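Derivation of every value follows stated rules applied to the coordinates shown; laboratory data play no part. Remember, it's a predicted structure, so these values are computed and weren't measured experimentally. Note: ideal-geometry Cβ built from the backbone for every residue, glycine included; neighbour counts use all protein chains shown.
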Amino acid sequence: MSKNTICLWYDKEAEAAARFYADVFPDSKVTAVIRAPGNYPAGEQGDVLVVEFTVAGVACMGLNGGSGIKHNEAFSFQIATDSQEETDRYWNAIVGNGGQESECGWCKDKWGISWQITPRVLTEALKVGGDEAKRAFDAMMTMRKIDVAAIEAARRG
């Protein structure tokens, strides 16, 4: 396990979530499935307790801690994309697998984890600042999934 690992709380589906992420995102994999050595408040001996995995190179641990803790938008994975095709692929995988759309490139997977599927053209426009950033920002504010062509057009004015 890495020295610094993101721990994500799940009800009972940490392994399913980790395997889904490993299938969808490059540089992602499940590295360990650890079963509970005894009964615990959210499960029994032998149940999957912890899953170690990486998402796009980021070390994570999924903890099957029960239904008492819910995810919210205060934490999200931000996935930088290089094209509309890549943006669509990740967005559609998350939303199409029981997730839900939100605003400005945000969506949630079926386990409640928030994702920002963000084309680099958008973050590059925001870094430029000035009128170009304002136009790109204003265009983004009208979107759910980010439309790369619309952001590029907004950048040009």
Q. Along segment 119-129, what does the Karplus equation 6.51 cos²θ - 1.76 cosθ + 1.60 (θ = phi - 60°) give for ³J(HN,Hα), rounded to whole Hz, x for Gly and Pro?
A. x, 4, 4, 6, 5, 5, 4, 5, 5, 5, x
Q: Below 14 Å Cα-Cα, how many Lys pairs turn up in the chain? Only count pairs eight or more apart in sequence, or on different chains, if you could.
A: 5
Q: Assign unit charges at the C-beta atoms only (+1 for Lys and Arg, -1 for Asp and Glu), then state the dipole size of segment 71-157 relative to its Cα centre in Debye, rounded to the nearest 20.
A: 80 debye
Q.
Compute, for segment 1-68, the length of the dipole vector about the Cα centre, with Cβ point charges of +1 (Lys, Arg) and -1 (Asp, Glu) only. Units Debye, rounded to 20.
A. 180 debye
Q.
Apply the Karplus curve 6.51 cos²θ - 1.76 cosθ + 1.60, θ = phi - 60°, to the phi angles in segment 76-92 and return the couplings in whole Hz, x for Gly and Pro.
A. 8, 8, 10, 10, 7, 10, 10, 7, 5, 4, 5, 4, 4, 4, 5, 4, 5
Q: Report ³J(HN,Hα) in whole Hz for each residue of segment 19-26, in order, from the Karplus equation J = 6.51 cos²θ - 1.76 cosθ + 1.60 where θ = phi - 60°; Gly and Pro get x.
A: 5, 4, 4, 5, 6, 8, 9, x
Q) What percent antiparallel are the DSSP beta bridges of segment 1-68, to the nearest 5? A) 70 percent
Q) How many angstrom separate the Cα center of segment 114-157 from the Cα center of segment 1-59? A) 34 Å
Q) Under a point-charge model restricted to the Cβ atoms of Lys and Arg (+1) and Asp and Glu (-1), what is the dipole moment magnitude of segment 1-128 relative to its Cα centre, in debye to the nearest 20? A) 320 debye
(Q) Under 8 Å for C-alpha pairs, at least 6 residues apart: give me the relative contact order for the chain, rounded to a whole percent. (A) 19 percent
**Q.** Principal axis dimensions, segment 1-68 - Cα atoms, whole angstrom, descending
**A.** 34, 24, 20
Q | Cα-based equivalent ellipsoid of segment 71-157: semi-axis lengths in Å, sorted from largest, via gyration tensor | A | 24, 13, 10
Q | Estimated [θ] at 222 nm from DSSP helical runs (n ≥ 4, -39500 (n - 2.57)) normalised by residues in the chain, nearest 500 | A | -10000 deg cm²/dmol
**Q.** Rounded D (µm²/s) - the chain, Kirkwood Rh over Cα pairs, Stokes-Einstein at 4 °C, 1.567 mPa s
**A.** 77 µm²/s
Q. How much of the DSSP beta bridge set in segment 71-157 is antiparallel, as a percent to the nearest 5?
A. 45 percent
**Q.** Rounded to 5, the percent of DSSP beta bridges in the chain classed as antiparallel
**A.** 60 percent
